[in-house]
Amino acid sequence: MFENIALTGFADEIAASLDTQMQVLEKLHMNYIEMRGVDGRNFVEYSAAEAKEIRKRLEDRGFALSAVGSPIGKIGITEDFAPHMELFKHTVELAHIMETPNIRMFSFYVPKENAAVYKGQVMERLGQFVDYAAAGGIVLLHENEKGIYGEMAEGCLEILKCFAGEHFKAVFDFANFVQAGQDTLEAYELLNPYIAYIHVKDAIFKDGSVVPAGYGDGNVKEILRCLKADGYSGYLSLEPHLSDFTGFSSLEKDGKIGKKLSGEEAFTLAHDALVKILETI
């Protein structure tokens, strides 16, 4: 396996309940969470006082956050920015409370047919985020996501060339690139110097469906091998998206997984597929 890496994940895909999330993660010997949903609400909707209570619940069971899996930057570029900036400031406060420097974020939905028209506006808004993050000692982790300015590797590279540094780095998401029609090996070559966080899910070019790591077109094994060779250290974050997954009986636990996976089954399936790859490299 890698040295100096830790497995984490979007535990809200296991269940809405934080207690259930922690129970399943304990079975998998994981003690980090990329926190997105907690007890049926998005984490960034909680007050500072509520976040302190959540942190205590995590600490009591030996858990910590790898990142706040925020929705920051996941709005249309033409939407009113002022309320979103206030949400961002609140998210920074929550990250401090949770004692993680990392906030996952995005670069705004833009009209695909003329995305370049909005480049200046995208960069101006991202610049406000970066300035505020730098003042607060926060690291923004930009995720490639379908439909946003940084959907393809070239768009991500434009952003990173403007802002990359101590407070702005790249998330590499295999499946999101596949679903956008991006070759992941080409993306890795372009973005490698900036990658500081990995989202582990795979997908198939033909229909965009999400599959366990190594079973799609994301070149997961090859890129993880490259990351290891390049000395990557940090988090590998599971984001299964497998609740409707029906195949690959060799990965199923005792042959008992049915047509519709439970959250625990899907997360465990994703975990085991990743571990299998890590063991081979």
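Listing for the model above:
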quantity: Complete set of residues in region 34-68 that are open to solvent by less than 10 Å² (accessible area, probe 1.4 Å), assigned to a strand (DSSP E or B) and touching a helix residue (DSSP H, G or I) at 6+ places or on another chain (Cβ under 7 Å); calculated: M35, V38, V68
quantity: Residue satisfying condition, being over 24 Å from E264 (Cα atoms), in contact with a strand residue (DSSP E or B) (Cβ under 7 Å, 6 or more places away or on another chain) and among the aliphatic types (A, V, I, L, M), within set A95, A51; calculated: A95
quantity: In region 83-113, the residues that are assigned to a loop (DSSP other than H, G, I, E, B) and either among the hydrophobic types (A, V, I, L, M, F, W, C) or loosely packed, with under 12 Cβ neighbours inside 10 Å (or both); calculated: M98, E99, F106, F108, V110
quantity: Tally of residues being assigned to a helix (DSSP H, G or I), in contact (Cβ under 8 Å) with a residue 40 or more places away in the chain and more than 14 Å from I195 (Cβ to Cβ) across region 135-162; calculated: 2
quantity: Q23, sole failed condition from (1) under 20 Å from H241 (Cα atoms); (2) open to solvent by 20 Å² or more (accessible area, probe 1.4 Å); (3) in contact (Cβ under 8 Å) with a residue 60 or more places away in the chain; calculated: (3)
quantity: Given (1) out of contact with any helix residue (DSSP H, G or I) (no Cβ under 8 Å at 6 or more places or on another chain); (2) over 21 Å from A270 (Cβ atoms); (3) in a loop (DSSP other than H, G, I, E, B), index of the condition P71 fails; calculated: (1)
quantity: Test: residue in region 166-182 that is within 20 Å of N4 (Cβ to Cβ), assigned to a loop (DSSP other than H, G, I, E, B) and either in contact (Cβ under 8 Å) with a residue 40 or more places away in the chain or open to solvent by 30 Å² or more (accessible area, probe 1.4 Å) (or both); calculated: yes
quantity: Odd one out for A6 among (1) under 15 Å from the mean Cα position of the chain (by Cα); (2) among the aliphatic types (A, V, I, L, M); (3) surrounded by 17 or more Cβ atoms within 10 Å (Cβ to Cβ); (4) farther than 27 Å from L87 by Cα; calculated: (3)
quantity: Region 211-222 residues that are among the aromatic types (F, W, Y), paired with ones that are in a loop (DSSP other than H, G, I, E, B) and surrounded by fewer than 23 Cβ atoms within 10 Å (Cβ to Cβ) (beta carbon under 7 Å, 6 or more apart); calculated: Y215/F248
quantity: Flag for K221 being assigned to a helix (DSSP H, G or I), touching a Ser or Thr at 6+ places or on another chain (Cβ under 8 Å) and open to solvent by 50 Å² or more (accessible area, probe 1.4 Å); calculated: yes
quantity: Conditions (1) open to solvent by 20 Å² or more (accessible area, probe 1.4 Å); (2) out of contact with any strand residue (DSSP E or B) (no Cβ under 9 Å at 6 or more places or on another chain); (3) modelled with pLDDT of 95 or more; (4) of a type in the set (G, A, S); number of the one not met by A116; calculated: (3)
quantity: Residue within region 123-138 that is open to solvent by 20 Å² or more (accessible area, probe 1.4 Å) and either under 16 Å from the mean Cα position of the chain (by Cα) or modelled with pLDDT under 95 (or both) present; calculated: no
quantity: Number of the condition not met by N31 [criteria: (1) more than 20 Å from N102 (Cα to Cα); (2) open to solvent by 50 Å² or more (accessible area, probe 1.4 Å); (3) under 18 Å from the mean Cα position of the chain (by Cα)]; calculated: (1)
quantity: Residues satisfying the stated conditions in region 236-263, i.e. at pLDDT 75 or above and either farther than 27 Å from E3 by Cα or open to solvent by less than 20 Å² (accessible area, probe 1.4 Å) (or both); calculated: L236, S237, L238, E239, P240, L242, K260, L261, S262, G263
quantity: Residue match in region 184-205 (condition: more than 30 Å from G120 (Cα to Cα) and open to solvent by 30 Å² or more (accessible area, probe 1.4 Å)); calculated: yes
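The values are calculated or read from the model by the stated rules, or taken from the named source; none is laboratory data. On a predicted model such as this, the values are computed, not experimentally measured, just so you know. Neighbour counts run over all protein chains shown; Cβ positions are idealised from the backbone, glycine included. For accessibility, only protein heavy atoms count, side chains too; no ligands or nucleic acids. Shrake-Rupley method; radii C 1.70, N 1.55, O 1.52, S 1.80 Å.
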